[in-house]
Amino acid sequence: REVLDISKGIGEAGGIRWHLALCLLLAWIVIYFCIFKGIKSSGKVVYFSATFPYVVLIILLIRGVTLDGHLEGINFYLRARWERLSDANVWASATTQIFFSLSVGFGGLITMASYNKFYNNCFRDSLTVSLINCGTSFFAGFVIFSVVGFMAKTTGRNVEEVADQGVSLAFIVYPAAVAQMPVSQLWSIVFFFMLITLGMDSQFAFMETIITAAVDEYPKVLRAKKWLISLLGCCILYFLGMPCITQAGAYVLQLMDDHVGGISLLILCIFEVIACGWGYGAFRLMKDVEKMIGYRPFLYYWWIACWKVLSLATLLFVTIFKIVGYKPSSFGGKAMPAWADGVGWFMACCSMVFIPGIAIYKMFTTDGSWSERFKTLTTPREDKYGDLQVSFVENEIRKDNGHPMEQTV
């Protein structure tokens, strides 16, 4: 209440919380100085920002299991509710969550992987990252619910009544539980510092994706001005974050959480799967993987089936049922007005509109008949190995980043 000073509804924006504005400014300043040199600077920072949260999670778990009521919280976390499997929204939420935790569809993985050596074992890395990610999420559940169980015991309520989903669990429920611990200020500092490092770690990848896309599109003009592109990007995103630090900022954040990373992300990944599995070709993609790692991956035809059928079918199923079972955004159990939901859908469409928009543009600007244009645009190029066919400008860029042409794609 003191920090956010939340208004009565999203329609009452109120004023900007200036202490939050200064904190947001400080965060973007830190992000800028971590990324303005590109992967050289952000790569070093990640050594700390990626490992520190594990230290904090272990500390918080040790503290959590010493609290009265922690077993009730952990039992609630581990108790399976099989009947929920019939709820399409559960599957949709799980899909969205795994997309967020793995950064699938956001471009960060592709951007960072572009700095690998051409013969890097991407197959091993993919499995390792996926297993570590899921293992970390499972482990973090014990950290969260051990403390939530303590809060339920302290307040005399059931764990299910205390636990909440979405942003409320991290920013309201858990901090409220931490506030009831002995030496609460210390644990609050540790917890929120962990959240800051996690947020910045993710932001490094997102910003690097935006900057790399801009520089790669216009390398002759922007290569020497990467620091300026980084500065402009940070400034623009800082001002775009202003609605989130008003008195209605909590409602805006919930609206963005419900729409921006939901259906739009699923639809984007559907087109990515179609492009890779059917446009480029799953077998051609697997041959590329074989060339890079030097051997045929195990479960060869399983990955082919995933790329061509299973992933696409799963995404279509979840997307359709998420649309059918759609519920308007709510905050604190109260539904937001229809106009706010419309704004949420507008934000979601801003990212989706470019897929059909660019496709239509290409169809009208490509030479030939309509069938010839479609065939040209959906046929993969023959120069598929970038390490063998890299332009002079691209090679110079990679040399500046410490990656010579013969080592990268």
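The values are calculated or read from the model by the stated rules, or taken from the named source; none is laboratory data. This is a predicted model, so every value here is computed, not measured. Cβ: placed from backbone, ideal geometry, glycine included. Neighbour counts: every protein chain shown. With ligands, DNA and RNA removed, areas are computed over all heavy atoms of the protein, side chains included. Shrake-Rupley method; radii C 1.70, N 1.55, O 1.52, S 1.80 Å.
Worth pointing out:
- Note on Leu237: accessible area approximately 50 square angstrom, rounded to 10, probe 1.4 Å, nucleic acids and ligands left out.
- Projecting the Cα positions of Met286, Leu315, Gly249 onto the charge dipole of region 235-316 (unit charges on Cβ atoms of Lys, Arg, Asp and Glu, taken about the Cα centre) puts Met286 furthest along the positive direction.
- Relative to one another, the C-alpha centroids of region 190-204 and region 130-163 are positioned 19 Å apart.
- Amide H contacts for Thr246 (H built 1.01 Å from N in the peptide plane; partners 5 or more residues away or on another chain; cut-off under 5 Å): Arg17.
- Point-charge dipole on Cβ atoms (K/R +1, D/E -1) for the chain, about Cα centre, debye to 20: 440 debye
- Over the chain, relative contact order from alpha-carbon pairs under 8 Å, at least 6 apart, %: 27 percent
- Annotation: amide H-H contacts under 5 Å for Ser330 (H modelled 1.01 Å from N, sequence separation of 5 or more, or interchain): Met336.
- Normalised contact order of region 143-256, rounded percent, pairs of Cα under 8 Å and 6 or more residues apart: 16 percent
- Remark: for residue pairs Lys44/Lys220; Lys37/Lys226; Lys287/Lys375; Lys117/Lys291; Lys117/Lys308, the C-alpha separation exceeds 18 Å in Lys44/Lys220; Lys287/Lys375; Lys117/Lys308.
- Correct choice for volume of the Cα convex hull per residue in Å³ that was computed from the model, options (i) 175; (ii) 289; (iii) 136: (i)
- Using the 1.4 Å probe convention, the accessible area of region 21-155 works out to 56 Å² per residue with neighbouring protein chains retained.
- For Tyr115, distant residues with modelled amide H under 5 Å away: none
- Of all lysines in the structure, the ones whose alpha carbon falls short of 16 Å from that of Lys334, not counting any fewer than 8 places away in one chain, are Lys8.
- Within the accessible area of the chain (1.4 Å probe), percent carbon and sulfur: 69 percent
- Cα long-axis angle, helix 226-240 against the chain (0 to 90 degrees, to the nearest 10): 40 degrees
- Computed [θ] at 222 nm, helices only, for the chain once each DSSP H run of length n ≥ 4 contributes -39500 (n - 2.57): -20500 deg cm²/dmol
- The phi torsions of region 310-317, fed into the Karplus equation with coefficients 6.51, -1.76 and 1.60 and a -60° offset, translate into couplings of 5, 5, 5, 5, 5, 5, 5, 4 Hz, rounded to whole numbers, with Gly and Pro shown as x.
- Cα centroid of region 207-252 to Cα centroid of region 291-311, whole Å: 36 Å
- The long axis of helix 18-35 is offset from the longest Cα principal axis of the chain by roughly 40 degrees.
- Along region 57-69 the Karplus relation, 6.51 cos²θ - 1.76 cosθ + 1.60 evaluated at θ = phi - 60°, assigns HN-Hα couplings of 4, 5, 4, 5, 5, 4, 5, x, 6, 8, 8, 5, x Hz to successive residues, with x for each Gly and Pro.
- Computed accessible area, Trp227, all protein chains, 1.4 angstrom probe, square angstrom: 130 Å²
- Using the Karplus relation 6.51 cos²θ - 1.76 cosθ + 1.60 with θ = phi - 60°, the per-residue 3J(HN,Hα) values for region 259-274 come to 10, 5, x, x, 4, 4, 5, 4, 5, 4, 6, 4, 5, 5, 5, 4 Hz, with x marking Gly and Pro.
- Of the residues Thr96, Thr155, the one with the largest accessible area comes first in the ranking Thr155, Thr96, computed with a 1.4 Å probe on protein heavy atoms.
- Alpha-carbon gyration tensor eigenvalues x 5, square-rooted, for region 184-262, Å: 30, 17, 12
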